[in-house]
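This report refers to the structure that appears directly beneath it.
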Amino acid sequence: MKRLALSLVTLLCLVSTQAIAKWSSDWSEKTPVVLDTTAQGGATKSAVGSVVVPVRLHTGNFDFTKAKPDGSDIRFVAADDKTVLPHQVEVFDVKNELAVLWVALGSLLPNQADQKITLYYGNPKADAPSAAPVYDPKALGVFHVGTDPAALANSAGAALTAAATGAGLEAQGVTGTALKFNGAGAISLSGAGAQLPAEGLTFSFWARTGNATQASVLLRATAANGVLEVALDAGVPTLRTTGALGTGTAKATAPLKANAWQHFTVLIGERVALVIDGQEVATLATKLPAGPMQLALADKFTGDIDELQVHATARTPDWIRATFASQATDDRMVRAQLEEESGGEAGYLKILFDNLPLDAIIVIAILGVMAVIAAWVMFDKSMLIAKASKANEEFMKRFRSLGEKAFIDNSMPTGKGKGGYHDSTLYSVYNAAREALAERMKGDVNYKLESRSLVAIRSAVDASVLRQNVRLNKFMVLLTIAISGGPFLGLLGTVVGVMITFAAIAAVGDVNVNAIAPGIAAALLATVAGLAVAIPALFGYNYLTSRLKDLSNDTM
């Protein structure tokens, strides 16, 4: 039924553009990725270069069944539909249908609501993409948290290494898993890249504190006997310098939000600046000397750290805002969507049908059978009532024209054949009375009816009326079943579907609304189907009941 519904939607809406990709006919599927740099998205005011953004895929925007199991057939193509963009895979989980891929955009236009790149997939013969560099040479270290908290791989391939001590794994990170700290341990950065170049440094990472009033160090940089720290003083982000750098302090105006992910950027150049969620909150007019540095993060920190990046330059404010917005879990800047979504309701319907849980499919199938039965009952009864009403009118005209003769000499038709009144309820009652009377009169027109004969004739008439009512109301109970049972069946399918969706989310540990919404929305289709069965059945039942009542009154 699911495949049939999808086929009907596709035919009705003429959705055929996805079959062949413009970039290459070898890739059968494509998903547009929309980039929003307006104030509601990245909020960039000028063109930004060297931007690498995450693209989150889930059942609502990507068909995992049509991609290779390892995602090696995925390609990202620029807006010109010619240039292939380098990308890296952080997560590609076919079983749970979740993926995070990092794409190098090259450049990003400011204040544009619908910049687009295209994700192509669906080529079982495709080889793995070429290992083109995703990050620019200024990226010293890009550390996505994997399955081992102690081993942080540098996705930028530069000479900077990271090691975490005393850390565990948090399943619900910003882009995948995150590092969890309980007040002991830290992240140390070392290697040839652990130094301050003349162009400055940019640290970028996400933090979620579990203690809003804690005192800890998010970042410590030691250079030439001087120390720069980004600390939490009673939960308030603070910049401070000591030693050869002099004593300086700059505090943010508000503490961190408890149990909420926030993006930190620390700029070290002609000055030191702390930027949180794209907004500068503290600055110190201190210039650190170029040269080797000792770098550490999350010292005595209680909470989670994710997506650590270090760049050998002081990035621009627009780059910082674009990085924050693109990595935010609300998909404010980067949004992958099904091809049909931009074409109207067809895309939304496809999303719903694609995410229907098994219980909802079963319930909708049952409701479909109920809808067919209810429609048949309403059609059959409407035809029966129309025929009976017309036959009653013709019978009454003839009966009134004959008067007494109708009973005495059997001038009325017998009700059989083309010229009879076999569809008339009135004729059935008349015929029962005529036969009962004829049995007693036996051709004697002077026969006098006794009271017990009248009682017997009335009983025959009452029995005929009862039989006619039974015939008229036959199968009406099926409409009452559809009216009362349809919504409850639909509600059952929705409740079970929502339970399954939340159980799957709990197992995966991803609370992204884009991962939850399609399953819940699809489960609600069962309730919609139940109402779609019940509402027409209710209107039809009330209309037919009133018509049947009129027929019964005429008969009685």
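Database remark: amide H of Ala43 closer than 5 angstrom to the amide H of Thr38 (H placed geometrically; neighbours at sequence offset of 5 or more, or on other chains; Pro and chain starts carry no H). The heavy atoms of Phe92 offer some 40 square angstrom of accessible surface to a 1.4 angstrom probe.
State, as an integer percentage, the relative contact order of region 83-140 based on alpha-carbon contacts under 8 Å between residues 6 or more apart.
Working: 38 pairs, mean separation 19.0, N = 58.
The value is 33 percent.
Here each label is just a point 7 Å from Cα along the line to Cβ, and for Asn259 and Asp26 those points are 5.0 nm apart. When the charge dipole of the chain is built from unit charges on Cβ atoms (+1 for Lys and Arg, -1 for Asp and Glu) and taken about the Cα centre, the candidate among Ser72, Ser130, Ala223 whose Cα reaches farthest toward its positive end is Ser72.
Just from its helices, what would the mean residue ellipticity at 222 nm be for the chain, if runs of 4 or more DSSP H residues each count -39500 (n - 2.57) and the sum is divided by every residue, rounded to the nearest 500 deg cm²/dmol? Mind dumping the intermediate values first?
Working: 9 runs with 198 residues, N = 556.
Computed ellipticity for the chain at 222 nm equals -12500 deg cm²/dmol.
Computed about the Cα centre, the dipole magnitude for the chain is approximately 2200 debye when only Lys and Arg (+1) and Asp and Glu (-1) carry charge, each at its Cβ.
As an exercise, use a Förster radius of 51 Å and the Cβ-Cβ distance of Val528 and Ala244 to find the FRET efficiency, rounded to the nearest 0.05.
Working: r = 69 Å, r/R0 = 1.35.
It comes to 0.15.
Once the dipole of the chain is set up with Lys and Arg at +1 and Asp and Glu at -1 on Cβ about the Cα centre, which of Thr44, Ile268, Leu531 lies farthest towards its positive end? After comparing all options, I get Leu531.
With Cα atoms as the point set, the radius of gyration and Dmax of region 154-219 evaluate to 13.7, 38 Å.
Compared with the direct C-alpha span, the chain from Ser459 to Lys387 gains 23.3 nm at full extension, assuming 0.36 nm per residue.
Residue by residue, region 111-126 carries 3J(HN,Hα) couplings of 6, 10, 8, 9, 5, 9, 10, 10, 9, 9, 7, x, 10, x, 9, 5 Hz when phi is fed to the Karplus relation 6.51 cos²θ - 1.76 cosθ + 1.60 (θ = phi - 60°); x denotes Gly or Pro. Computed with every protein chain present, the accessible area of Ser459 is close to 60 Å² [probe 1.4 Å]. Between the residues Ala374, Ile457, Gly193, the greatest Cα displacement towards the positive end of the dipole of the chain, with unit charges on the Cβ of Lys, Arg, Asp and Glu, is found for Ile457. Dividing the mean sequence gap of close Cα pairs (under 8 Å, 6+ apart) by how many residues the chain holds gives a relative contact order of 15 percent. When only alpha carbons of the chain are considered, Rg and Dmax amount to 38.4, 137 Å. With every protein chain in place and a 1.4 angstrom probe, the accessible-area ranking of Thr222, Thr161, largest first, reads Thr161, Thr222. Residues whose amide H comes within less than 5 Å of that of Leu140, counting only those at least five positions distant or on another chain, are Val310, His311, Ala312 (H built at 1.01 Å from N in the peptide plane). For the pairs Lys138/Lys251; Lys30/Lys66; Lys45/Lys82; Lys387/Lys549; Lys68/Lys125, note any where the Cα-Cα span goes beyond 19 Å. As for pairs spanning more than 19 Å Cα to Cα, those are Lys138/Lys251; Lys45/Lys82.
Amide hydrogen proximity for Leu196: with H placed 1.01 Å from N in the peptide plane, the residues at 5 or more positions away or on another chain lying under 5 Å are Gly291, Met293. To the nearest 10, the accessible area of Glu229 is 30 Å² with a 1.4 Å probe. Sequentially through region 311-319, phi angles give Karplus couplings (6.51, -1.76, 1.60; θ = phi - 60°) of 10, 7, 6, 8, 5, 6, x, 5, 4 Hz, Gly and Pro residues having no value and appearing as x.
Beyond 27 Å, how much of the Cα-Cα pair distribution for region 259-388 remains, as a whole percent? Kindly include the intermediate steps, with their values, before the conclusion.
Numbers: 4689 of 8385 pairs.
Taking all Cα-Cα pairs of region 259-388, the fraction more than 27 Å apart is 56 percent.
Could you rank His263, His422, His144 by how accessible they are, 1.4 Å probe, largest area first?
Working: His263 0, His422 105, His144 25 Å².
Correct descending sequence by accessible area is His422, His144, His263.
In terms of solvent-accessible area of protein heavy atoms at a 1.4 angstrom probe, what is the ranking of Ile373, Ile362, highest value first?
On the way: Ile373 70, Ile362 90 Å².
Heavy-atom accessible area, descending, gives Ile362, Ile373.
The values are calculated or read from the model by the stated rules, or taken from the named source; none is laboratory data. These numbers come from a predicted model, not from an experiment. Ideal geometry is used to build each Cβ from the backbone, glycine not excepted, and the neighbour counts take in all protein chains shown. Accessible surface is based on the protein model in full, side chains and every heavy atom, while ligands, DNA and RNA are left aside. Shrake-Rupley method; radii C 1.70, N 1.55, O 1.52, S 1.80 Å.
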